[in-house]
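Chemist: Right, I'll just put the structure down here and ask away after.
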Amino acid sequence: MTIGVRRRMGVEERRQQLIGVALDLFSRRSPDAVSIDEIASAAGISRPLVYHYFPGKLSLYEAALKRASEDLAGRFVEPHEGPLGARLLRVMRRFFDFVDEHGPGFSALMRGGPAVGSSATNALIDSVRQAAYVQILSHLGVQDPPARLELVVRSWISLAESTALIWLDGRRIPRGELEVQLVHDFAALAAVSAAQDEEMGTLLRGMLKDEPDDGPFADLVTRLISLAS
C-alpha cells in the first residue's frame, strides 16, 4: 500500500491557492462574513500560515478582488464578427454568468466590500469599467469618441452594473430578459443622443445598417412600434 504524501507548495503557488479558496468562499457569502479561520480550513493549512502569505484579511481580499476584476474585464472581450446587437448580447450573457457565479463577490467588488473606499479597490473597479469602455468603443470602430458617445457608453456600463446588483437582490426578473433589455438600453441611449446630435446620428445609422430583422436592435424597434400603434 502506498501512503500519499502531501506535496509542499511553493510560495506563489500557495498564494494563488489561497486567493482561489477565498474567491470561492466570497462567491457564496459576503466577504465580511468569511473569516481567516474558514479560509485556512478550506485551504488545509493553519491560520498562522495564512498570515505568512498575506499580512491580513484585507490584503487577501484585495488579491482576490484583483483576480475577480481581471476575470470580469475579460468577459467584455468579444470577436468583431457579426452584427453589433448580437455581439453585445453575448457580452451581457458572459457578464451575467460572472454575476451569477460570484453573487456576493460581485456585490463586494462593485460596492467595495471590506475594503470600501480603499485606493486599491477603487482602482480595480475603475479598471473593469475602463476595460469595458475600451471594448465597446472598439466594436463601434471609434478611437477618439465625441463627448456624447463617451456619455452613452459609460452610462450604459453603469446601468449594467446597477441592473446586476438589483437582480441579485431576489432575482425577481428572469436573467435572460435582463440581458436582452440591457442590449435594448444601449440602442435606446444611443438613439436619444442621436436625436440631438448629427455625429451621433451618423454613428447610430452605422450601428443599425447591418442589423438583421431577428436581432435584438430590430426587436426593440418592433416593440416600440407596437406600443405606439
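One line per residue, one yes/no per condition, for (1) assigned to a helix (DSSP H, G or I); (2) of a type in the set (Ser, Thr, Tyr); (3) open to solvent by less than 20 Å² (accessible area, probe 1.4 Å); (4) within 21 Å of ARG129 (Cβ to Cβ):
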site: VAL153; (1), (2), (3), (4): yes, no, yes, yes
site: LEU159; (1), (2), (3), (4): yes, no, no, yes
site: ARG171; (1), (2), (3), (4): no, no, no, no
site: GLU177; (1), (2), (3), (4): yes, no, no, no
site: VAL180; (1), (2), (3), (4): yes, no, no, no
site: ALA190; (1), (2), (3), (4): yes, no, yes, yes
site: GLU199; (1), (2), (3), (4): yes, no, no, no
site: ASP213; (1), (2), (3), (4): no, no, no, no
site: SER226; (1), (2), (3), (4): yes, yes, no, no
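So that you can scan it fast, the table gives a plain yes or no per residue for (1) in contact with a Leu (Cβ under 9 Å, 6 or more places away or on another chain); (2) of a type in the set (Asp, Glu); (3) farther than 30 Å from LEU208 by Cβ:
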{"position": "MET92", "(1), (2), (3)": "yes, no, no"}
{"position": "ALA108", "(1), (2), (3)": "yes, no, yes"}
{"position": "ILE136", "(1), (2), (3)": "yes, no, no"}
{"position": "HIS139", "(1), (2), (3)": "yes, no, no"}
{"position": "PRO146", "(1), (2), (3)": "yes, no, no"}
{"position": "LEU149", "(1), (2), (3)": "yes, no, no"}
{"position": "ARG154", "(1), (2), (3)": "no, no, no"}
{"position": "GLU161", "(1), (2), (3)": "no, yes, no"}
{"position": "GLU179", "(1), (2), (3)": "yes, yes, no"}
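Chemist: With (1) without any contact (Cβ under 8 Å) to a residue 40 or more places away in the chain; (2) over 13 Å from MET92 (Cα atoms); (3) hydrophobic (A, V, I, L, M, F, W, C) as the list, and ILE157 as the residue in question, which single condition is left unmet?
Modeler: With respect to (1) without any contact (Cβ under 8 Å) to a residue 40 or more places away in the chain; (2) over 13 Å from MET92 (Cα atoms); (3) hydrophobic (A, V, I, L, M, F, W, C), ILE157 is out only on (2).
Here's the yes/no breakdown for (1) open to solvent by less than 50 Å² (accessible area, probe 1.4 Å); (2) touching a residue at least 60 places away in the same chain (Cβ under 8 Å); (3) in a loop (DSSP other than H, G, I, E, B); (4) among the acidic types (Asp, Glu):
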| residue | (1), (2), (3), (4) |
| --- | --- |
| LEU25 | yes, no, no, no |
| GLU38 | no, no, no, yes |
| SER41 | no, no, no, no |
| LEU65 | yes, no, no, no |
| PHE76 | yes, yes, yes, no |
| GLU81 | no, no, yes, yes |
| ARG87 | yes, no, no, no |
| ARG90 | no, no, no, no |
| MET110 | yes, no, no, no |
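Chemist: Go through the stretch 10-23 residue by residue and tally those that are within 20 Å of LEU109 (Cβ to Cβ) and open to solvent by less than 50 Å² (accessible area, probe 1.4 Å).
Modeler: The initial filter retains those residues of the stretch 10-23 that are within 20 Å of LEU109 (Cβ to Cβ), namely 15-16, 18-23.
Retained after the next criterion (residues that are open to solvent by less than 50 Å² (accessible area, probe 1.4 Å)): 18-23.
Count: 6.
Chemist: Listed residues LEU168, LEU203, LEU189; which is touching a residue at least 40 places away in the same chain (Cβ under 8 Å) and within 24 Å of the chain's Cα centre (by Cα)?
Modeler: Numbers: LEU203 fails: within 24 Å of the chain's Cα centre (by Cα); LEU189 fails: touching a residue at least 40 places away in the same chain (Cβ under 8 Å).
Among LEU168, LEU203, LEU189, only LEU168 is touching a residue at least 40 places away in the same chain (Cβ under 8 Å) and within 24 Å of the chain's Cα centre (by Cα).
Chemist: Pick out the one residue from ARG172, ARG223 that is at pLDDT 95 or above and more than 20 Å from ARG90 (Cα to Cα).
Modeler: Selected residue: ARG172, the only one of ARG172, ARG223 that is at pLDDT 95 or above and more than 20 Å from ARG90 (Cα to Cα).
Chemist: So in the stretch 27-36, with the set limited to residues that are under 15 Å from PHE106 (Cβ atoms) and assigned to a helix (DSSP H, G or I), which one is most open to solvent (accessible area, probe 1.4 Å)?
Modeler: If we take residues in the stretch 27-36 being under 15 Å from PHE106 (Cβ atoms) and assigned to a helix (DSSP H, G or I), then ASP32 is most open to solvent (accessible area, probe 1.4 Å).
Chemist: Only one of (1) free of Cβ contacts under 8 Å to residues at least 40 places away in the same chain; (2) more than 22 Å from ALA160 (Cα to Cα); (3) open to solvent by 70 Å² or more (accessible area, probe 1.4 Å) is not met by GLY56, so which one is it?
Modeler: Status for GLY56: all satisfied but (3).
The values are calculated or read from the model by the stated rules, or taken from the named source; none is laboratory data. Since this is a predicted model, take the numbers as computed values, not measurements. Every residue, glycine as well, gets a Cβ built from its backbone with ideal geometry; the counts of neighbours run over all protein chains shown. Just so you know, the surface numbers come from the protein's heavy atoms only, side chains and all, with ligands and any DNA or RNA stripped out. Shrake-Rupley method; radii C 1.70, N 1.55, O 1.52, S 1.80 Å.
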